[in-house]
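> Mind having a look at this structure? Questions to follow.
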Amino acid sequence: MKNLIKICFVVAALSVASYAAVKDALFANVTTNEAHRANMAIKMPLMMKKMGHPVTIYLNDKGVYVASKNANQELPEAQKHLAELIKLGGKVLVCPFCLKHYNIDPKDLMDGVEISDPKKVEATLFGKNVQTISW
């Protein structure tokens, strides 16, 4: 009987530990290319990624400028954080319609940035335990 209690205790402890290891994902919607706001919009998800949360950033409207190599002069901090997020395994999606609207060539995007489509957005935004934030 004591062994059964010990086994139950170990199973319960392992279950709690594995549950605690699974963290909610973050989907960050970024619509700005204003330097301070863009920097904050990328920095917060980066901090969450460093804390172990799966992170997806969706750049749309003027937010697509953040991923453009041509915007490095205007958005150096945001781009530095975006590159670090990608290096840590964060996902960055960019709106293809917004790229076209703002005349940004997909070839000019930072390495690791993905052109979005409805299936990519659905897979992340509607995943289980996803939290959203928007700038």
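Laboratory data are not the source of any read-out in this text; all were calculated from the coordinates shown. Fair warning: this is a prediction, and the values are worked out from it, not measured in the lab. When we count neighbours, we look across all protein chains shown, and the Cβ atoms used for this are built from the backbone with ideal geometry, even at glycine.
> Out of the stretch 44-130, which trypsin sites (Lys or Arg not before Pro) are coil in DSSP terms and have no more than 10 other C-beta atoms within 10 Å?
Listed in order of number, the matching sites are 128.
> Per residue of the stretch 43-48, in order, report the coupling 6.51 cos²θ - 1.76 cosθ + 1.60 (Karplus, θ = phi - 60°) as ³J(HN,Hα) in whole Hz, putting x for Gly and Pro.
Residue by residue, the stretch 43-48 yields 5, 4, x, 4, 5, 5 Hz.
> Once both labels are modelled 7 Å past Cα along the beta-carbon direction, what's the residue 101-residue 131 spacing in nm?
So the two model labels end up 2.8 nm from each other.
> Set Lys and Arg Cβ to +1 and Asp and Glu Cβ to -1, take the dipole of the stretch 23-134 about its Cα centre, and tell me which of 98, 36, 129 lies farthest positive.
Toward the positive end, the furthest listed residue is 129.
> A further question on this structure: Estimate the FRET efficiency between residue 80 and residue 108 by the formula 1/(1 + (r/R0)^6), using the beta-carbon distance for r and 22 Å for R0, to the nearest 0.05.
E(calc), rounded to 0.05, equals 0.80.
> Ranked by Cβ crowding within 10 angstrom, fewest neighbours first, how are 121, 94, 66 ordered?
121, 94, 66
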